Amino acid sequence: MKIAIASGKGGTGKTFVATNLFYSLSTFGNHPALVDCDAEAPNALAFFKTELLNVSEVMQDVPVINKDACVLCGKCAEWCNYNAIFILPPAKFIRVIEDLCHGCGACTIACEYNAITEKKVIVGKVSKSLFNDKYLMLEAKTEIGVMSPVPVIKEALKTVRDNSEIVQTLIIDAPPGTSCPFIQTVNEADFVVLVTEPTPFGLSDLKQSVETLNSMKKPYGVVINRAGLGNNDIFNYVEKEKILMEIPFSKDIASIYSKGKILSEEDSVYAEKFIELYNKIIKVYENV
Ligand code: SF4
Ligand code: SF4
């Protein structure tokens, strides 16, 4: 079972839910793994004492233009959907803006003059660690300045697939928002848990996430974090059976989280609540 924990915006508590769900499952006889795909700001592993096994670099092909062969026809720039090739024919100027390149290879195919070759650049890293000697934890992390975390996310998900023989439940901490990194991540999941908060911003972002998941035909449920804050509009929007859990707005919970501790480890009541969350996820998933 692969469960992505996502949210329309950062700061709603998705890492809090992902880490607590992972920890609770590890103490209740399940065999979970966790992969942090929030590759621009991964922090899930910071809550655990882990043993680092290895770190692998993620490479991407970036075009290199041979200026002697280039006739400045502009076709490569036309084919590039990411404006990563800047060309100024009257000035005989052409340059690849590497930070914008997504490594799709379209420009190489477009060039009829064989003026483009490719070189490899590092776009990020995937680290592999163990928690409690047996639970796999992976972290995807992009290099600073890299525009798209998608290649690093893909590599992290591939690594977990290659190491998944003994994993019963994979928890995926998804990137915030609803753009390519989110879609790449939740596409891997069987079920998506959307974490939100009962505020107008929370509701607005939740609606976008729900629309995106509906268009992908992905089953989902909702965890309402900081319940008691804001208003009740979110409860009118989300169907009752899709509300999986409410986490109260509590200074104590915020304090535990801000100290880098896992609530389920500190408070056994919450360890059980996160197991209840898991059981509800399974129930909703089986009824889809
Ligand atoms: S590889 Fe793709 S993204 Fe990069 S410059 Fe070429 S067309 Fe643009
Ligand atoms: S398509 Fe090839 S020849 Fe044309 S501008 Fe690009 S690199 Fe130069």
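The values are calculated or read from the model by the stated rules, or taken from the named source; none is laboratory data. Not measured: the values here are computed from a predicted model. We place every Cβ from the backbone using ideal geometry, glycine too, and count neighbours over all the protein chains shown.
Checked against (1) touching a Leu at 6+ places or on another chain (Cβ under 7 Å); (2) aliphatic (A, V, I, L, M); (3) within 30 Å of Thr27 (Cβ to Cβ), Ile153 passes all but condition (1).
When the stretch 110-150 is examined, which residues are found to be assigned to a strand (DSSP E or B) and among the acidic types (Asp, Glu)?
Listed by number, the residues that qualify are Glu118, Glu139.
The C-beta contact set for the stretch 254-279 (first residue on the phi > 0 side of the Ramachandran plot, second residue surrounded by 12 or more Cβ atoms within 10 Å (Cβ to Cβ), distance under 8 angstrom, 6+ apart or interchain) comprises Gly260/Ala46; Gly260/Phe47. With respect to (1) surrounded by 13 or more Cβ atoms within 10 Å (Cβ to Cβ); (2) outside the structural domain of Phe28 (by TED's automatic domain parsing); (3) in contact with a Phe, Trp or Tyr (Cβ under 7 Å, 6 or more places away or on another chain), the lone exception for Phe131 is condition (2). Regarding Phe28, is this residue within 16 Å of ligand 2 (Cβ to nearest atom), surrounded by fewer than 17 Cβ atoms within 10 Å (Cβ to Cβ) and more than 20 Å from the chain's Cα centre (by Cα)? No: the conditions fail for Phe28.
Can you tell me which of Glu51, Glu98 is modelled with pLDDT under 95 and under 29 Å from Glu139 (Cβ atoms)?
Every option except Glu98 fails the conditions.
Taken together, the criteria place Lys67 among residues that are within 16 Å of ligand 2 (Cβ to nearest atom) and either in contact with a Leu (Cβ under 6 Å, 6 or more places away or on another chain) or of a type in the set (Lys, Arg) (or both). Here the stretch 87-115 is the region considered, the condition is being more than 10 Å from ligand 1 (Cβ to nearest atom), surrounded by fewer than 17 Cβ atoms within 10 Å (Cβ to Cβ) and among the hydrophobic types (A, V, I, L, M, F, W, C), and the residue that is farthest from Met59 (Cα to Cα) is Ala91. Among the residues of the stretch 157-175, those identified as crowded, with 24+ Cβ neighbours inside 10 Å and assigned to a loop (DSSP other than H, G, I, E, B) are Ala174, Pro175. You will find that of Lys125, Lys120, Lys158, the residue that is under 17 Å from the mean Cα position of the chain (by Cα), in contact (Cβ under 8 Å) with a residue 24 or more places away in the chain, under 15 Å from Glu57 (Cα atoms) and away from ligand 2 (no atom under 16 Å from the Cβ) is Lys125 and no other. From the list Val210, Val222, Val269, Val238, exactly one residue is under 24 Å from Leu45 (Cα atoms) and buried (at least 17 other Cβ atoms within 10 Å of the Cβ). Which is it? Among Val210, Val222, Val269, Val238, only Val222 is under 24 Å from Leu45 (Cα atoms) and buried (at least 17 other Cβ atoms within 10 Å of the Cβ).
On the stretch given as the stretch 100-109, residues that are free of Cβ contacts under 8 Å to residues at least 40 places away in the same chain, assigned to a helix (DSSP H, G or I) and out of contact with any helix residue (DSSP H, G or I) (no Cβ under 7 Å at 6 or more places or on another chain) total 1.
Going by the conditions given, is Gln208 in a helix (DSSP H, G or I), in the same structural domain as Ala41 (by TED's automatic domain parsing), closer than 28 Å to Asn83 by Cα and more than 15 Å from the chain's Cα centre (by Cα)? Spelling it out, Gln208 is indeed in a helix (DSSP H, G or I), in the same structural domain as Ala41 (by TED's automatic domain parsing), closer than 28 Å to Asn83 by Cα and more than 15 Å from the chain's Cα centre (by Cα).
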